[in-house]
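The values are calculated or read from the model by the stated rules, or taken from the named source; none is laboratory data. Remember, predicted model here, so these are calculated numbers, not experimental data. A quick note on method: Cβ atoms are made from the backbone with ideal geometry, for glycine too, and the neighbour counts reach across all protein chains shown.
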Amino acid sequence: MIIEDLVAYILQIMIPYILASTGIIVAGRAGVFDVTVEGLMLLSASVTFTTSYLLGGNTWLGVIAGSSIGLATGSLLWYLTSVRRINQFIAGLTLLVVYIGIAGLIYKLVIGITLSPPRIPVLTGLDWLSINVPFLGSVLLKQNPLFYIAIALIITLHMLIFSSGWGISYRAVGENPRAADTSGVDVMRVRLQALIMGNLLIALSGAYLVSTFTGTYTDTIVSGRGWISIGIAIFGGWRILESLLGAVIISSIETSIFILQASGTWIPYQILQMIPFISMISILVWISKKAVLPRSLGRNYDRESYEEF
Amino acid sequence: MGLGESLIKYSVSLLLAFLAAMIIISLSGSDPLSGVASIITIPFSNPDILSLLIQKFSTILLMSLAFSISLKAYRFNVGIEGQFLLGAIGAAVTGILVNAPPILMPTLVLIAGLSLGALWASIPAYLLYKFGVNEIVSTLLMNFISFYLVDLIATGGLRDTAAGHPMTIPIRIEAALPTIVTSPRMSIMPVIAVIMVLGIGLFLYRTVAGYELRASGSNKKASYIYGINVKFRETFSIILGGALAGLAGAMEVSGLHMRLISGMQSNYILVAILAALLARGEPVWLVIASMGISVVEVGSAALQRTSGVPSELGLVIEGVLLLVILTFEIPKFLRRSFVKEVSLR
C-alpha cells in the first residue's frame with residue numbers, strides 16, 4: 001500500500017521533468033540549446049489556466065491552448081536563431097524574460113489581482129478498471145490521461161530520433177550541420193521541426209503543472225523545474241530514455257523530502273527544499289567527465305561562413 | 001554601421017516597443033496614449049518617486065554590470081540573483097552582529113556583501129573551471145538555493161517578530177551608508193554604482209588583464225594560441241560579477257531597506273540581463289540602458305497602482321525592444337572580417 005502510494009507520487013511529479021527534458025533534447029539534438037524552458041513553462045501554465053478559466057473550467061481545452069503556444073514560441077526561436085542567426089543563448093535569455101513578463105501579464109489581464117486565486121478542476125486518474133490488478137497495476141493503470149499521452153510521446157520520439165533513418169539525418173544536423181547540408185539535409189527545416197516539437201513538449205509540461213498539480217496559477221508554479229530539466233537532459237547525455245533515469249532520481253529525492261516534511265522532522269523546511277537543487281548540481285559535476293553532447297549544440301549554422309561553425 | 005543607420009534602428013525599435021505597450025494598455029481598459037506618456041513622466045513627477053528611480057537605477061546598473069563582465073568573456077552568469085542575495089545576507093548579518101568602530105561599519109558591511117557574493121559565484125565558477133559544468137544551469141540552480149537560504153535567515157534567530165513578512169531585525173544605525181540627500185533620504189548608492197562602472201570600464205579597456213578577458217570572449221581559439229589563459233579569464237569574470245552583484249545586495253541592505261527581507265531580489269535579474277544585452281555589455285552604454293529600464297520599471301509599477309495596468313508591462317516593453325534590436329542586426333556573413341569585435345553572435 002505504502003509502496004504503491006510512493007510509486008504513484010513519484011510518477012506524478014516525474015512527468016513535467018520528463019516532458020520538459022525531452023523537449024530540450026529534441027531541440028538540442030538538432031543543435032539548438034533552448035534556455036527559454038523555465039519561461040515557456042510559466043507562459044504555457046498561464047495560458048492553460050486563463051483559457052480554461054474563461055471557458056468555464058474546461059481543463060482539456062486549456063491544456064490544448066497552453067501546449068499549442070509551443071508552435072508560436074518554437075517558430076519565433078527558430079526565426080531568431082536560424083534565420084537571423086542571433087546567438088542562441090542571447091535570443092533564449094531575452095525570450096525567457098519576455099515569456100515571464102507575458103505570463104504574468106495574461107494572468108493579471110484576465111483574472112486581475114485577487115486575494116484568493118480562482119481554481120480550475122484538475123484532471124483526475126482514469127477509473128475504467130473495475131478489477132483490482134495486484135501490486136503496481138492499480139498505480140500504473142489509473143493515472144490521468146495526460147500521463148499516458150506523455151509516456152507515448154516520449155517513447156515515439158525516442159524511437160524516431162534514435163532508431164530511424166530520419167533520425168540519423170536529424171541528429172546529423174546537431175552533430176555536423178555542414179556535413180548534413182552537403183549530403184542534402186535541409187538544416188533550416190530540420191531545426192524548425194525540432195524547435196516546434198521541442199517547444200510543444202515543454203509547453204505541455206507547463207500545462208501539466210496547472211492541469212494536474214495545482215489547478216491554479218501562481219508566479220512560483222514552475223520554481224526551477226525548467227532549469228532542473230536542462231540538467232536532466234545533460235545528465236542523460238542528450239538521449240531521451242537515458243534522461244528518464246535523471247527524472248526518476250530527482251523525483252525520488254523530492255518524494256523523500258515530502259515524506260520527511262510530513263513526518264515532522266527537526267530539519268528546517270528551507271534546507272530540505274534546497275536539496276533537489278544541490279543534488280542537481282552534484283549530478284552535473286558527477287556526470288561532467290563522461291558527458292556527451294551534440295557537437296554543434298548552441299551554434300547557429302551559417303552556410304556561407306568560412307569558419308568551421 | 002553608420003550613425004544614421006543606428007539612429008533609424010533604435011528609433012524604430014523604440015516605436016515598436018511602445019506600440020506593443022499601447023496595445024496592452026488598451027487591452028486592460030485604459031487610454032493607451034496617456035498610459036505610455038505617464039510611464040515616461042511619472043518617474044520624474046515628484047522627489048519621492050525620483051529618489052526611488054535613482055535607487056532602482058543604482059541596483060540595476062550594478063547587477064547588469066555584473067552580468068556584462070562575464071558576457072565580455074562570453075560566459076553567462078545568470079546567478080547574479082543569488083549573488084545579490086548572498087551579498088544582502090553578508091551585509092545584514094555583519095550590520096547586526098559586528099560591533100566595530102562606527103567609522104568602519106559601512107565599509108565593513110559592503111566588503112562583507114562583496115566577498116560573500118564573490119564566494120557564492122566562485123562555486124559555479126570553480127565547477128566550470130575544473131569540471132566544465134555549464135555555467136548557465138549551475139548559476140541558475142544556485143539562485144534557488146539562495147532563496148531558501150534567505151528565508152532560513154529571515155525566519156531564524158535574527159527574525160523581526162513584529163513584522164508579518166519574513167525579515168531580519170534592522171542593522172545597526174552606524175552601519176547605514178552615508179546619505180547625499182536627506183529628504184527624501186538618498187544614500188550614496190548611485191555614487192558607488194557609477195564609480196564601479198568607471199572602474200570596470202577602465203579595467204576592461206585600459207589594462208592587459210581586461211584586454212585578455214575581452215579577447216577570450218571574442219575569439220577563444222586565437223586567445224588560447226596566443227597564450228592567454230582563457231579558462232582562468234572566464235572563471236575570473238564570473239567571480240568578479242559575483243562580487244559586483246554581492247555589492248549591489250549589500251548596498252540595498254545598508255542604503256535602502258536597512259535589513260534583509262525575503263523576496264528583496266524583486267525582478268532585478270530579469271531587467272539586469274535585458275539591460276546588459278541592450279548595452280552589449282559596454283559599461284558606458286550600460287548607464288543609459290539601466291536608466292531607460294529603471295524609468296520603464298518605475299513608471300509601469302506606478303501605472304499599475306493608478307490605473308490597474310499589470311506592471312509586467314515594463315518587462316514586455318524592454319523585452320520587445322531588445323528582440324527588435326537583435327532582429328535588426330545584420331547577419332554575420334555580411335561582414336566577413338577575421339577578427340570579431342562583437343561577441344554577441
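A few comments on the model shown:
Residues are listed down the side, and each one gets a yes or a no for (1) farther than 28 Å from residue B:308 by Cβ; (2) in contact with a strand residue (DSSP E or B) (Cβ under 8 Å, 6 or more places away or on another chain); (3) more than 9 Å from chain B (Cβ to nearest Cβ):
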| site | (1), (2), (3) |
| --- | --- |
| A:49 | no, no, yes |
| A:53 | no, no, yes |
| A:66 | no, no, yes |
| A:69 | no, no, yes |
| A:72 | no, no, yes |
| A:88 | yes, no, yes |
| A:98 | no, no, no |
| A:107 | no, no, no |
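- Boolean, residue B:327 is part of a helix (DSSP H, G or I), in contact with a helix residue (DSSP H, G or I) (Cβ under 9 Å, 6 or more places away or on another chain) and within 14 Å of chain A (Cβ to nearest Cβ): yes
- Within the set B:282, B:312, the sole residue that is acidic (Asp, Glu) and crowded, with 20+ Cβ neighbours inside 10 Å turns out to be B:312.
- Close pairs (7 angstrom Cβ cut-off, 6 or more residues apart or separate chains): over 18 Å from residue B:129 (Cα atoms) and more than 7 Å from every other protein chain (Cβ to nearest Cβ) in region A:278-294, buried (at least 17 other Cβ atoms within 10 Å of the Cβ) and among the small types (Gly, Ala, Ser) anywhere: A:294/A:28; A:294/A:31; A:294/A:174
- Of B:63, B:105, all but one fail to be within 21 Å of residue B:311 (Cβ to Cβ) and touching a residue at least 60 places away in the same chain (Cβ under 8 Å); the exception is B:63.
- Some residue of region A:258-272 being part of a helix (DSSP H, G or I), surrounded by 17 or more Cβ atoms within 10 Å (Cβ to Cβ) and within 14 Å of another protein chain (Cβ to nearest Cβ): yes
- Residues in region A:103-124 that are touching a Leu at 6+ places or on another chain (Cβ under 9 Å) and either buried (at least 22 other Cβ atoms within 10 Å of the Cβ) or not aliphatic (A, V, I, L, M) (or both): 3 in all.
- Taken together, the residues in region B:139-188 that are over 22 Å from the mean Cα position of the chain (by Cα) and in a helix (DSSP H, G or I) amount to 6.
Yes or no, residue by residue, for (1) within 14 Å of chain A (Cβ to nearest Cβ); (2) assigned to a helix (DSSP H, G or I):
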site: B:280; (1), (2): yes, no
site: B:284; (1), (2): no, yes
site: B:289; (1), (2): yes, yes
site: B:297; (1), (2): yes, yes
site: B:315; (1), (2): yes, yes
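- Helices (runs of 4 or more DSSP H) wholly inside region A:175-241 containing at least 3 residues that are within 21 Å of residue A:279 (Cβ to Cβ): A:225-235
- Any hit, region B:106-117, residues being within 17 Å of residue B:232 (Cα to Cα), away from every other protein chain (no Cβ under 12 Å) and not hydroxyl-bearing (Ser, Thr, Tyr): no
- Screening region B:177-218 for residues that are within 16 Å of residue B:72 (Cα to Cα) and of a type in the set (Ser, Thr, Tyr) and picking the one that is surrounded by the most Cβ atoms within 10 Å (Cβ to Cβ) gives B:216.
- Close pairs from region B:72-85: first within 11 Å of chain A (Cβ to nearest Cβ), partner modelled with pLDDT of 95 or more and not in a helix (DSSP H, G or I), Cβ under 7 Å, at least 6 apart: none
- Single residue of region B:61-108 satisfying the filter (surrounded by 24 or more Cβ atoms within 10 Å (Cβ to Cβ) and of a type in the set (S, T, N, Q)) that is nearest to residue B:293 (Cα to Cα): B:64
- Looking only at region B:157-176, residues that are touching a Pro at 6+ places or on another chain (Cβ under 8 Å) and either buried (at least 22 other Cβ atoms within 10 Å of the Cβ) or within 14 Å of chain A (Cβ to nearest Cβ) (or both) come to 2 in all.
- Selection of region A:273-309 for residues being assigned to a loop (DSSP other than H, G, I, E, B), within 21 Å of the chain's Cα centre (by Cα) and not hydrophobic (A, V, I, L, M, F, W, C) yields A:294, A:298.
- Residue within region B:128-137 that is touching a strand residue (DSSP E or B) at 6+ places or on another chain (Cβ under 9 Å) and more than 7 Å from chain A (Cβ to nearest Cβ) present: no
- Criterion: in a helix (DSSP H, G or I) and at pLDDT 95 or above - qualifying residue of A:6, A:19, A:11: A:19
For (1) within 14 Å of chain B (Cβ to nearest Cβ); (2) touching a Gly at 6+ places or on another chain (Cβ under 7 Å); (3) crowded, with 16+ Cβ neighbours inside 10 Å, each residue gets a yes or a no:
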site	(1), (2), (3)
A:193	no, no, yes
A:198	no, yes, yes
A:203	no, yes, yes
A:209	no, no, yes
A:226	yes, no, yes
A:231	yes, no, yes
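- Some residue of region A:35-46 being modelled with pLDDT of 95 or more, over 30 Å from residue A:296 (Cβ atoms) and within 14 Å of chain B (Cβ to nearest Cβ): yes
- Taken over region B:197-235, the criterion of being farther than 26 Å from residue B:248 by Cβ, hydrophobic (A, V, I, L, M, F, W, C), in a helix (DSSP H, G or I) and touching a Ser or Thr at 6+ places or on another chain (Cβ under 9 Å) is satisfied by B:215, B:230.
- Of the listed requirements (1) facing chain B (nearest Cβ under 9 Å); (2) in contact (Cβ under 8 Å) with a residue 12 or more places away in the chain, residue A:126 misses just one: (1).
- Checked against (1) away from chain A (no Cβ under 14 Å); (2) within 18 Å of residue B:274 (Cβ to Cβ); (3) not polar (S, T, N, Q), residue B:17 passes all but a single condition, namely (1).
- Qualifying residue in region B:36-53 (condition: surrounded by 12 or more Cβ atoms within 10 Å (Cβ to Cβ) and within 14 Å of chain A (Cβ to nearest Cβ)): no
- Test: residue A:52 is closer than 26 Å to residue B:23 by Cα, over 20 Å from the mean Cα position of the chain (by Cα) and surrounded by 23 or more Cβ atoms within 10 Å (Cβ to Cβ): yes
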